[in-house]
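Bear in mind that the values in this text are calculations on the coordinates, not laboratory data. The structure displayed is predicted, hence computed values, not measured ones. Cβ sites come from the backbone with ideal geometry, for glycine too, and all protein chains shown count toward neighbours.
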Amino acid sequence: MLIVMQHDATRAQIDQVVRTIEELGYQARPMPGKQRTAVGLVGNDGKVDASRLLGMDGVLEVIHVTQPYKQVSREWKPENTLVRLPGGLTIGGDDIVVMAGPCSVESERQILAAARAVRDAGAVILRGGAFKPRTSPYSFQGLGLEGLELLKRAREETGLLIVTELMELDTLDAVAEAADIIQIGARNMQNFALLKQVGRLRKPVLLKRGIAATITELLLSAEYLLAEGNDQVILCERGIRGFDPATRNVMDLTAIPLVHRLSHLPIIADPSHGTGLRDKVTPMARAAVAAGADGLMIEVHPSPERALSDGAQSLTPGQFHELMKQCRAIAEVIGRRVAETAVVS
Ligand code: PEP
Ligand code: MN
C-alpha cells in the first residue's frame, strides 16, 4: 500500500503517517519524489484499514498495490530506477550497457585476452564466472577465489567493471569485493537465503531469470532484494526451458516490454544462454535491443573451441565486434545509445 502525500504536506504530517503505519505493526518507507512524497507501507497482510490513513492531515490518496510484488512494481514507483555503477555508468536510463566476456575465468592469459578484446569492441563491463553452477559435478567448476583475483587484475589492467556470479553465502565477502555487480544465476533465482543477504549489501545485483520461472516469480525474487533495502537491481532474461531441443533455451523477448510495464527496474538480455548457439546470438542481441533491453550480456572467448564451459555459445572477438556495431545502429533507431567506456577509479 502506498500513501501519497499532498505536494505541500509538511514534514510533521509525513512523520505522523510514518508513526501511524508503525503503530499498526508495519514498516514505513518514505519516498520523497519530485512532485510529492509517498510513504510505502511494507508487510501488508491485507488487513490494513486504509480509511485510518486516508483521513490523516496531508494525505492525498491511498493506492493499493495490486501485484504480489510491491516495491518492485511500477505502481509503487512510476519512474525508472537507475542502477549506478562506479565511473558514472548507469543502467536503466537511455544507455544500453554491454557486459561481455567468457563463461568462466580459466586462466590469467585467457581472462586478460578476453577483457582486452571486449573492451576494444566497446563493452564496458567484463563478465566471467569464478564459481560455476554446472549441471554435471564432473564439469569444470570454476577457479573459485583464484578466479576472483584474476578478475581484479583484469579490472585494473583494462578499466572494465566486473560482473561475476555468487553461488554460496560463504563466499559473499570475497565476491562482493571483486565484483562491481553481483550476479545471481538462474539456478539461484529462488535461493531466498542468498537473496536476503545480498539485499543487505549496498552493491548492484544482476538477477537472472530462473530456468522455468514466471515473470511474477522473477519479480518476487527481486522483491526479496528490495525488501532488504537494496534497490540496485538489474533483471536479466536468459531464456527459459522449452520443449524443443533445437535451441538450448527459449529466449523470451516479450519479457523485456512486460517487465518494463510491470516494474521500474532495468532488464537486460543474455542471448548467449538464451539460445546456446553461437550463430543465433547476434540476431537475438539485435532483437533484444530493438525490444528495449537496457543492456546485453554476451559470452565471448578468445578461442571458443578451447573454452572450459559454454564454448558452443561463445562468440569470437571478431563476431562480438560485429555484434556491437549492429547493436549501436539499432540503438540509434530507437533513440538510445550503447554506453561507452566508464572511467573507473
Ligand atoms: C552464466 O552467466 O554463465 C550462467 C551460468 O548463467 P545462468 O545462470 O543464466 O545459467
Ligand atoms: Mn555460461
Query raised in the report: Separation between the A193 and Q326 pseudo-spin-labels, each 7 Å from Cα along Cα→Cβ, expressed in nm?
Result: 4.3 nm
Query raised in the report: Once the piece of chain linking T135 and T10 is laid out straight, how much longer is it, given 0.36 nm per residue of separation minus the C-alpha distance between them?
Result: 39.4 nm
Query raised in the report: In a GNM of the chain with a 10 Å cut-off on Cα contacts, which of I96, I21, I162 has the highest mean-square fluctuation?
Result: I21
Query raised in the report: Packing-wise, with mean Cβ within 10 Å as the measure, how do 10-20, 204-214 rank, highest first?
Result: 204-214, 10-20
Query raised in the report: Roughly what would the spin-label model give for E157 and I334, points 7 Å off Cα along C-beta, in nm?
Result: 3.4 nm
Query raised in the report: What is the antiparallel percent of DSSP beta bridges lying wholly in the stretch 83-338, to the nearest 5?
Result: 10 percent
**Report entry** Stretchable slack from R36 to E149, in nm (0.36 nm times residue separation minus alpha-carbon distance)
**Finding:** 36.1 nm
Report task. List the lysines whose Cα lies under 22 Å from the Cα of K77, skipping any in the same chain that are fewer than 8 positions away. Result -> K34, K196, K203, K208
Report task. Per DSSP H run of n ≥ 4, the term is -39500 (n - 2.57); total these for the chain, divide by its residue number, and report the mean residue ellipticity at 222 nm rounded to 500 deg cm²/dmol. Result -> -10500 deg cm²/dmol
Query - Cα centroid of the stretch 53-121 to Cα centroid of the stretch 225-288, whole Å - result: 14 Å
Query - Gained length - T341 relative to S107, 0.36 nm times residue gap less alpha-carbon distance - result: 81.8 nm
